Amino acid sequence: MSFTLIFFLIFRLTPDVALIEQVCLNEDEKLLFDVINAYRETLELKSIPYSASLSKVAQAHVRDLAANYTFKRGAKCNPHSWSKQGEWSSCCYTSDHKKAKCMWDKPREIAGFDSNGYEILSYSSDGVTPGEALIGWQNSRGHHELMINAATWEKVTWNGMGVGIYKEWAVVWFAEKSDAEAGKSIQLCQ
């Protein structure tokens with residue numbers, strides 16, 4: 001077996017490494033990542049490391065939402081839902097949280113990331129900006145508590161954060177686990 005073939009097989013069998021090489025952030029996504037960490041620092045909380053795996057999930061979800069979800073207040077399926085239009089299991093996430101596992105499993109399902117993921121999202125019909133998303137989360141008790149490890153999340157340490165912004169949607173994923181190559185710098189999209 002040649003060295004090239006061995007390298008290819010190793011590279012293909014380690015999803016976190018492959019994802020790090022494939023995922024990039026646009027300027028708004030990078031800014032969103034930075035403003036969340038800057039906000040946490042004003043509260044004397046540690047910064048959350050970047051996760052390419054969670055960014056892959058976030059970017060998949062914002063595109064799924066933009067293409068397949070119609071935002072309506074009071075709808076049975078809220079925006080944490082996933083459509084049938086992708087390489088993932090679909091689910092209707094309801095306000096009673098009975099389908100929460102479907103969302104929590106998306107990092108495993110989409111990115112081979114061995115940890116639950118927890119999502120916050122923001123919508124603006126005019127197109128969401130990083131600043132608007134942050135302000136919205138600061139003013140939403142449940143989202144804010146998750147973002148700053150308060151209340152239910154007080155004993156949790158976030159070791160990975162991934163972001164996605166596309167059209168009207170901004171999504172951030174948090175996990176207790178870090179990527180295999182945590183600490184690698186964020187790649188900006190060309």
Next item on the list: Please give, to one decimal in nm, the separation of the simple spin-label points placed at S124 and C189, each 7 Å out from Cα toward the Cβ.
Entry: 1.8 nm
Checklist line | Vicinal HN-Hα couplings computed from phi for segment 67-83 (Karplus, 6.51 cos²θ - 1.76 cosθ + 1.60; Hz; Gly/Pro x) | finding: 8, 10, 10, 9, 6, 9, 4, x, 5, 4, 9, 7, x, 6, 6, 10, 7
Item checked: Cut-off under 5 Å, modelled amide H: who pairs with S51 long-range -> M161, G162
Next item on the list: Work through the residues other than A60 whose Cβ is under 11 Å from its Cβ and net out their charges, Lys, Arg +1 and Asp, Glu -1.
Entry: 0
Check: Antiparallel DSSP bridges in the chain: what percent, to the nearest 5?
Finding: 90 percent
Next item on the list: Go through 164-170, 114-120 and give me the packing order, highest mean Cβ count within 10 Å leading.
Entry: 164-170, 114-120
Notebook entry, point to check: In terms of the ratio Rg/(2.2 N^0.38 Å) built on C-alpha atoms, what value belongs to the chain?
Noted result: 1.03
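If you roll a 1.4 Å probe over the heavy atoms of the protein chains, what accessible area per residue do you get for segment 45-190, in Å²? Intermediate results must be reported in sequence, preceding the final value.
Numbers: 7270 Å² over 146 residues.
Accessible surface, normalised per residue, equals 50 Å².
Relative contact order of the chain: what whole-number percent is it, with Cα pairs under 8 angstrom and at least 6 residues apart?
Working: 339 pairs, mean separation 59.6, N = 190.
Reported relative contact order: 31 percent.
Rounded if a/c is under 1.5, else prolate if a/b is larger than b/c, else oblate: which is segment 58-145, with a ≥ b ≥ c the root eigenvalues of its Cα gyration tensor? Write out the running numbers ahead of the final one.
Details: a/c = 1.44, a/b = 1.32, b/c = 1.09.
Rounded, because the longest to shortest axis ratio a/c is under 1.5.
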Item checked: Net charge contributed by nearby residues that have their C-beta within less than 13 Å of K76 (K/R +1, D/E -1) -> +3
Item checked: trypsin sites (Lys or Arg not before Pro) restricted to DSSP loop in segment 42-90 with at most 15 other C-beta within 10 Å -> K46, K72, R73, K76, K84
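In the neighborhood of F33, defined by Cβ-to-Cβ distances under 12 Å, what is the net charge if each Lys or Arg adds +1 and each Asp or Glu adds -1? Mind showing how you got there, number by number?
Working: positive: K30, R40; negative: E27, D28, E29, D34.
For residues surrounding F33, the net value is -2.
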Next item on the list: Rank these residues by their accessible area, most exposed first, probe 1.4 Å: C91, C189.
Entry: C189, C91
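Per 0.36 nm of contour for each residue apart, how much would the distance between D96 and E44 grow if the chain were fully extended, relative to their Cα-Cα spacing?
Details: separation 52, 0.36 × 52 = 18.72 nm, distance 3.26 nm.
15.5 nm is the gain from fully extending D96 to E44.
If the only charges are +1 at each Lys and Arg Cβ and -1 at each Asp and Glu Cβ, what is the size of the charge dipole of segment 75-190 around the Cα centre, to the nearest 20 debye? Write down the numbers at each step before the final one.
Numbers: 12 positive and 14 negative charges, 63 e Å.
Taking the Cα centre of segment 75-190 as origin, the dipole is about 300 debye.
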Item checked: Estimated translational D of segment 91-190 in µm²/s (Stokes, Kirkwood radius over Cα pairs; 4 °C; 1.567 mPa s) -> 88 µm²/s
Check: How large is ³J(HN,Hα) for each residue in segment 56-62, as worked out from phi by the Karplus curve 6.51 cos²θ - 1.76 cosθ + 1.60 (θ = phi - 60°), to whole Hz, x for Gly and Pro?
Finding: 4, 5, 4, 5, 5, 6, 5
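Shape call for segment 124-179 from the C-alpha gyration tensor, a ≥ b ≥ c root eigenvalues: rounded (a/c under 1.5), prolate (a/b greater than b/c) or oblate? Don't jump to the answer; show the numbers that get you there.
Numbers: a/c = 3.59, a/b = 1.51, b/c = 2.38.
Oblate, since a/c reaches 1.5 and b/c is not below a/b.
The values are calculated or read from the model by the stated rules, or taken from the named source; none is laboratory data. Since the structure is predicted, the reported quantities are computational estimates derived from the model, not experimental observations. FYI the Cβ positions are ideal-geometry reconstructions off the backbone, even for glycines, and counts take in every protein chain you see. Please note that ligands, DNA and RNA were not included when accessible areas were found on the heavy atoms of the full protein model with its side chains. Shrake-Rupley method; radii C 1.70, N 1.55, O 1.52, S 1.80 Å.
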